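First comes the structure, then the notes that go with it.
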Amino acid sequence: MGDYVVVLEAPIIVRDVETSEDAINVAVSKVAKALNKEKLDFVRVEIGYSQCPVCGAHFESAFVIGSVGLVGMYLTIKVYNAQTVEHAERIAKAVIGKALKKVPLKVYEIRELTEEEDGNGLELGD
């Protein structure tokens, strides 16, 4: 059994926004509301970053076209007592997917939990 930090990427679509800043604010609010509704306030929500293919600079993953925004987000959850890395991935996707229905979730990173990171998370009983 192992303890893991699972970071999932999620594309969030928002409507009626004018700027990327507006899109980010609406997307964060939308995701936080969905997670809180399922009592998943321990999931950390962060804005994703993209890399410019020309210059290599990083920028926030928020794009607005015609008042519709697409915001890339990272959702981080701690999973305790998972049998394997794949098991931790399935647990994270199931838990977060319950709150964010119809949002495709992709693994960005999975790593073993260190002692400094220990704390709030999802623990499975034996």
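The values are calculated or read from the model by the stated rules, or taken from the named source; none is laboratory data. Keep in mind the model is a prediction, meaning the values are calculated, not measured. Ideal geometry is used to build each Cβ from the backbone, glycine not excepted, and the neighbour counts take in all protein chains shown.
Of all residues in region 12-31, those that are surrounded by 15 or more Cβ atoms within 10 Å (Cβ to Cβ) and either free of Cβ contacts under 8 Å to residues at least 60 places away in the same chain or touching a Lys or Arg at 6+ places or on another chain (Cβ under 9 Å) (or both) total 12.
Candidates are the residues of region 74-84 that are modelled with pLDDT under 95 and surrounded by fewer than 18 Cβ atoms within 10 Å (Cβ to Cβ); the one that is nearest to the chain's Cα centre (by Cα) is 80.
Checked against the criterion of being charged (D, E, K, R), out of contact with any Lys or Arg (no Cβ under 8 Å at 6 or more places or on another chain) and not in a strand (DSSP E or B), region 40-48 contains one or more residues that satisfy it. Is there a residue being out of contact with any Asp or Glu (no Cβ under 8 Å at 6 or more places or on another chain) and part of a helix (DSSP H, G or I) anywhere in region 63-84? Within region 63-84, not a single residue is out of contact with any Asp or Glu (no Cβ under 8 Å at 6 or more places or on another chain) and part of a helix (DSSP H, G or I). Counting only residues that are in a strand (DSSP E or B) and not basic (Lys, Arg), region 1-21 holds 13 of them.
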